[in-house]
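To start, the structure itself, in structure tokens.
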Amino acid sequence: MIKNIYLIRHGESRGNIDKTVHLDTADHAIPLSYRGVNQALDAASVMQYELLLKEDRPTGPTGIWSSPYKRARQTAERISQRLSLPVTEDVLLAEQQFGLFDGLTEAERIERYPAEQACYQKCVEFEGRFWAPMPLGESRFQVAQRVRQFCMELRLLNGVENAVIVAHSTTLRAFMMQWMGWSVEWFEAEKSPKNGSVRWICEGTKEWGWLHAA
């Protein structure tokens, strides 16, 4: 039964600092930046201390799960090396699918896909961003649906007490919302976690907090 959960956003990617990377590289294949590698190492150090070195460290078996996106995979690999544990990749933890808007600024969306951008913006203004689907992509609602499936599988898992999860901003906020039973309003108000940040949840008490805000 899960007792502790550690939610880690991947380190900074090349796409986080240069949107033009999306023009010739698929989103799932974008790697960490130099700074992102260091952030991943910092997160790995935090997890090594928390699970192996701290005097009152959690006991019980630990598992590591990761989005299959390259930037998350590279971050999880650093943590895996420090903890000497394998990583399980799960497509349910993937980044939000942005469809036609992948890698584009709002100005570029208006220029290239004016009708689609107008429709999306209308949904955002009328229903809220959580519900608005990206053209040929996902809404945040749809991300929350698949993350809910991952949460259900995690709750039923035997033999693991500490879960380390490496994923993306929207995915991790959706996890918090679903695991804690929080509202859509919480999700929309919650700021994006910083690259390399580590958030901890105690399942028994529902206590949570930041171990590393990056």
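General observations
- Subset of segment 27-41 [polar (S, T, N, Q), open to solvent by 40 Å² or more (accessible area, probe 1.4 Å) and under 24 Å from Val91 (Cβ atoms)]: none
- Filter result for Ala72 (closer than 30 Å to Gly204 by Cβ, among the hydrophobic types (A, V, I, L, M, F, W, C), without any contact (Cβ under 8 Å) to a residue 40 or more places away in the chain and open to solvent by less than 30 Å² (accessible area, probe 1.4 Å)): no
- Of all residues making up segment 9-23, the number that are acidic (Asp, Glu) and crowded, with 16+ Cβ neighbours inside 10 Å: 1
- Residues that are more than 17 Å from the chain's Cα centre (by Cα), of a type in the set (Asp, Glu) and in a loop (DSSP other than H, G, I, E, B), drawn from segment 35-92: Glu55, Asp56
- In segment 187-214, residue most open to solvent (accessible area, probe 1.4 Å) [restricted to those that are in a loop (DSSP other than H, G, I, E, B) and out of contact with any helix residue (DSSP H, G or I) (no Cβ under 8 Å at 6 or more places or on another chain)]: Lys191
- Qualifying residue in segment 124-136 (condition: in a helix (DSSP H, G or I), among the basic types (Lys, Arg) and either in contact (Cβ under 8 Å) with a residue 60 or more places away in the chain or out of contact with any Cys (no Cβ under 6 Å at 6 or more places or on another chain) (or both)): no
- Residue within segment 93-115 that is part of a helix (DSSP H, G or I), closer than 30 Å to Ser45 by Cα and not basic (Lys, Arg) present: yes
Residue-by-condition table, conditions (1) free of Cβ contacts under 8 Å to residues at least 60 places away in the same chain; (2) in contact with a Gly (Cβ under 9 Å, 6 or more places away or on another chain); (3) among the β-branched types (Val, Ile, Thr); (4) under 27 Å from Val91 (Cβ atoms):
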| residue | (1), (2), (3), (4) |
| --- | --- |
| Lys3 | no, yes, no, yes |
| Gly11 | no, yes, no, yes |
| Lys19 | no, yes, no, yes |
| Thr25 | yes, yes, yes, yes |
| Ala43 | no, yes, no, yes |
| Lys54 | yes, no, no, no |
| Pro58 | no, no, no, no |
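- Restricting attention to segment 163-186 and to residues that are of a type in the set (Phe, Trp, Tyr) and touching a residue at least 40 places away in the same chain (Cβ under 8 Å), the residue that is surrounded by the most Cβ atoms within 10 Å (Cβ to Cβ) turns out to be Phe175.
- Filter result for the condition that a residue is surrounded by 15 or more Cβ atoms within 10 Å (Cβ to Cβ) and not charged (D, E, K, R), over Leu100, Leu136: Leu100
The values are calculated or read from the model by the stated rules, or taken from the named source; none is laboratory data. All figures in this text were calculated on a predicted structure; none of them were measured in a lab. Cβ sites come from the backbone with ideal geometry, for glycine too, and all protein chains shown count toward neighbours. Surface accessibility is based on the protein's heavy atoms, side chains included, excluding ligands, DNA and RNA. Shrake-Rupley method; radii C 1.70, N 1.55, O 1.52, S 1.80 Å.
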